[in-house]
Amino acid sequence: MITIHAAVIHELKKSHHTRGPESVEVISRNGLHQHDPLLKQFVDRIDLDARTALRASSKCSIFTKDDTFGQVASNYFASNETYELDINNYLDLSIELVKALSVQMSKTSAATGGHIPILWYSRDDTEYLLIGLVNPSSGFTIDLNGVIVGNTNIDKEALRFSLRIELANLAQHHSFVTDPDANIQEADLLPYARWTKKSNDIAHYFQEYLPIDELLNNGELTRLYINLFDEYLKHIIPDDSPHEHKRVRFAIKQEVYRKMEERRGAEQPVRVEEDIVPIFNAMRESYPSVFESYEEITPYHQFCEDNDYENYDSIFNPQKASLDEVLNVSISIGDNLTIRGSKEGLAATTRVVVCFDADENQSYKLISDMTPDQYNKLKEKIPEIDTQLEDFTDDDIDTP
């Protein structure tokens, strides 16, 4: 059974393609939402979404980062000297929470804002604080005082995404971090932040609002973004373009993949807007001979919006397996041989064989698998190449 302790629905207004401190307007309410059947229906709907969500639970990575839920909660606990929420200052707490969210939202140009319900309620004996973003085009309607109006749309399409906090576990984590005398072991800490979503991703600014301890999208979105970047570049340089233009398209893709690999190697996430979009924006300057005939290049954000892609500037940790499929490498062996191909393809078709002569001197042979057709083409082009019959056992293969 759900008991609603307090609720308020603020609003953040923001237009596409805007970012910075002045890009988000905070519309805060002067009072809490009255307890009525519509509010009860709304909380029941959101709670059901949270309980059936397939998103992994999380914790705050830090409680001192500016303009985050963690910092606002920590300040509240410290100033009130308690981990209990109080209805008498709940409105002030909710305003601080929505202001912090507005700062995170202002850092991305793709966000559009919406109604922000901040709900304090209990299910059975567990207390929750839920912060959500309602889709402004879903038909969910509130009046000028932030009150849900009659005949509004309260269904599974109304909520874009939400963050539900289990307050007791949040308090335990905060006590563990801030009180050296607390008798709490790190192994006893339980995750308390649960996410719901209505699209392919939880927007990265919403994750950084917590701030999250481990990104939700570890590897999950790598293939999606590889495909999206490919579609965008094919829109800019179609398949019927001259061959030299398609070579440039390939080079730009490889530059994108190398940036992703660089972030993966450094164990850092890819932030699409900061890491990838600048590569697209620099295409004309990087390849003037190709793009000098282009009157206009469709910006990445516009292409995504025109094709109804959501959260196209997310944050994710690149997955090695997906990246290896598309990232090409070029390796020179001596002065006469260069090997090119995807990392995955080369790993699957190429082996290094360790050989020893009678004096135990060690040497290496590079073996590349070939089909009969590939072999015939090689012999046709280089008939002088030597062909030998050798039997390599598994023990001969160098396997790091």
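The values are calculated or read from the model by the stated rules, or taken from the named source; none is laboratory data. As the structure is a prediction and not an experimental result, all values here were calculated from the model. Here the Cβ positions follow ideal geometry from the backbone for every residue, glycine too, while neighbour counts run over all protein chains shown. All accessible areas refer to the heavy atoms of the entire protein, side chains included, with ligands and DNA or RNA removed. Shrake-Rupley method; radii C 1.70, N 1.55, O 1.52, S 1.80 Å.
Can you tell me the relative contact order of region 19-107? Whole percent, Cα pairs under 8 Å, sequence separation 6 or more. Mind dumping the intermediate values first?
Details: 51 pairs, mean separation 42.5, N = 89.
Computed value for region 19-107: 48 percent relative contact order.
Can you give me the C-alpha center-to-center distance between region 292-337 and region 1-45, rounded to a whole angstrom?
If we compute the Cα centre of each part, the gap is 37 Å.
May I ask you to give the percent of accessible area on region 11-110 that is carbon plus sulfur, with a probe radius of 1.4 Å? Mind showing how you got there, number by number?
Details: 2450 of 5120 Å².
Summing carbon and sulfur atoms, their accessible area is 48 percent of the total for region 11-110.
Provide the gained length on full extension for the span M370 to D308, in nm with one decimal, where the gain is 0.36 nm per separating residue minus the Cα-Cα distance.
Numbers: separation 62, 0.36 × 62 = 22.32 nm, distance 4.30 nm.
Contour length minus the Cα-Cα distance gives 18.0 nm.
State in Å² the accessible area per residue of the chain; use a 1.4 Å probe, count heavy atoms of protein chains only, and round to the nearest integer. Kindly include the intermediate steps, with their values, before the conclusion.
Working: 21510 Å² over 400 residues.
With the other protein chains kept in place, the chain gives 54 Å² per residue.
Placing unit charges on C-beta atoms (Lys and Arg positive, Asp and Glu negative, everything else neutral), compute the dipole magnitude of the chain about its Cα centre in debye, rounded to 20.
Values: 39 positive and 69 negative charges, 263 e Å.
My answer is approximately 1260 debye.
For T52 and R284, what does the FRET efficiency come to when R0 = 60 Å and r is the distance between their Cβ atoms, rounded to the nearest 0.05?
0.80
Using a simple charge model, +1 on the beta-carbon of Lys and Arg, -1 on the beta-carbon of Asp and Glu, nothing else, what dipole does region 233-299 show about its Cα centre, in debye to the nearest 20?
Numbers: 11 positive and 14 negative charges, 57 e Å.
About 280 debye.
Which one, L12, V353, L97, projects farthest toward the positive side of the charge dipole computed for the chain from Cβ point charges (K/R +1, D/E -1)?
Sorting the options by dipole projection puts first L12.
Just how many pairs of Lys in region 1-151 have C-alpha atoms closer than 25 Å, counting pairs that are eight or more places apart or on different chains?
Total qualifying Lys-Lys pairs in region 1-151 comes to 11.
If you take the C-alpha gyration tensor of the chain, multiply each eigenvalue by 5 and take the square root, what semi-axes do you get, largest first, in whole Å? Show your work: numbers first, answer last.
Numbers: eigenvalues 556, 155, 60 Å².
That gives 53, 28, 17 Å for the three semi-axes.
Quick one: grab the alpha carbon gyration tensor of region 228-346, order the square roots of its eigenvalues as a ≥ b ≥ c, and give me rounded if a/c is under 1.5, else prolate or oblate depending on whether a/b is larger than b/c. Mind dumping the intermediate values first?
Numbers: a/c = 2.05, a/b = 1.17, b/c = 1.74.
In terms of gyration-tensor shape, oblate.
Sequence neighbours fewer than 8 away in the same chain don't count; with that in mind, list the lysines whose C-alpha is under 27 Å from K377.
K246, K343, K365
Report the calculated FRET efficiency for E262 and I333 (r = Cβ-Cβ distance, R0 = 22 Å), to the nearest 0.05. Write out the running numbers ahead of the final one.
Numbers: r = 24 Å, r/R0 = 1.10.
Efficiency computed from Cβ-Cβ geometry: 0.35.
Expressed as a whole percentage, what fraction of the accessible surface of region 228-297 belongs to carbon and sulfur atoms when a 1.4 Å probe is rolled over the protein heavy atoms? Could the numbers behind the result be given before it?
Details: 1700 of 3890 Å².
C and S atoms contribute 44 percent here.
For N89 and A321, FRET efficiency with R0 = 30 Å and r from the beta-carbon atoms, rounded to 0.05?
Values: r = 49 Å, r/R0 = 1.65.
With R0 = 30 Å, the Cβ-Cβ based efficiency is 0.05.
Compute the relative contact order of the chain as a whole-number percentage, counting only Cα pairs closer than 8 Å that sit 6 or more residues apart in sequence. Numbers along the way, then the final one.
Numbers: 589 pairs, mean separation 59.7, N = 400.
RCO, the chain: 15 percent.
Would you kindly calculate the mean projected area, averaged across all directions, of the convex hull enclosing the Cα atoms of region 1-81, in square nanometres?
Details: hull surface 34.2 nm².
Computing the convex hull of the Cα atoms and averaging its projections yields 8.6 nm².
Could you tell me the distance between the Cα centroids of region 202-276 and region 67-91, to the nearest Å?
38
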